[in-house]
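Below is one structure, written out as C-alpha cells; comments come after it.
Nothing in this text is a laboratory measurement; each read-out follows from the coordinates by a stated rule. Given the structure is predicted, the values throughout are model-derived calculations rather than measurements. Glycine also receives a Cβ, built like all others from the backbone with ideal geometry; neighbour counts cover every protein chain displayed.
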Amino acid sequence: MAKKVSKSRYKKSIPEALDLREDRKFLRAFFTSSDSKKVKPAHTSSLQNGLLEQMEKLYHDYQRSLAADLLQLVRKMPPDAFERLSVHLLSKMGYGNFRANAGRVVGKSGDGGIDGIIEEDPLGLEAIYIQAKRWSSAVGRPHVQQFVGALQAHGARKGIFITTAHFTREAKDYVAQVKSARVFLIDGDLLTKLMINLDIGVVTAIQYSLKRIDPDFAQHWKM
C-alpha cells in the first residue's frame with residue numbers, strides 16, 4: 001500500500017516548484033512511492049504477484065472513487081468556506097513555513113479577484129495571492145487574465161488560482177506566457193489529490209502492511 005507523503009516533503013519541494021516551474025510534472029513525486037511500484041522478486045510466486053496486482057488496482061480504483069466523492073462535497077461548500085479551505089490547504093502544504101496566522105482570507109465584494117493571502121516570511125515581504133472559485137464550469141482565459149491583473153494591481157509576483165472545476169487550454173497557455181508574475185493553477189482533480197495526501201477532509205479507514213519473501217533470505221542462511 002502506498003505510504004503517505006510526509007509534511008517535510010511538501011515543505012521542501014512545493015514552494016521551490018512554484019518559484020522554478022509552471023507545470024505540474026513535479027507533483028508526480030507526491031503521489032508515487034516505492035511501495036506503489038510493482039516489485040516482483042525471484043522468490044515471489046505468480047499467485048502472490050497476481051494478488052498484488054489486483055490489490056494495487058483496487059487501491060487506485062478506491063482512491064479515484066474517494067476523490068470524486070470528496071470533490072462533490074467541496075463543491076457544495078459555501079464560497080467563503082471554500083476560500084478558507086484553500087488558504088488552509090496551502091498553509092498545510094508548507095507555504096508560510098507552517099507559521100500560525102501566516103495565511104488569511106480577504107475575499108469580499110470589490111476584492112479585485114483576491115480571496116486569500118499567505119505571507120511567506122514573518123515580515124510579509126513576500127506573499128502569495130490566492131483566488132478560489134467553487135465552480136462546476138470551466139475556468140477560461142478571461143478569468144485567469146483578470147486574476148493576473150489583480151496580482152499586478154497589488155504588486156504581487158506569485159499567485160495560485162484554485163478551482164473545483166478545470167481550466168481550459170487557453171487559460172493554461174495564457175499562464176505559461178505571463179511574465180509579470182508566476183501563476184500556478186490547481187484544478188479539482190489536483191485539489192482532491194492534495195487534500196487526500198494531506199488528510200484534509202479524510203481520515204484513515206484501515207492500513208495494511210504487505211510483506212514479501214526477502215530475496216536475500218536463502219543466501220543469508222546458506223540455503
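Numbers for the structure displayed
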| quantity | calculated |
| --- | --- |
| Across K76/K158; K57/K158; K92/K172; K172/K193; K172/K211; K57/K222, pairs whose alpha-carbon gap is larger than 31 Å | K57/K158; K172/K211; K57/K222 |
| Region 100-215, relative contact order [Cα under 8 Å, separation at least 6], % | 19 percent |
| Candidates per trypsin sites (Lys or Arg not before Pro) in region 78-178, loop by DSSP, up to 12 other Cβ within 10 Å | K108 |
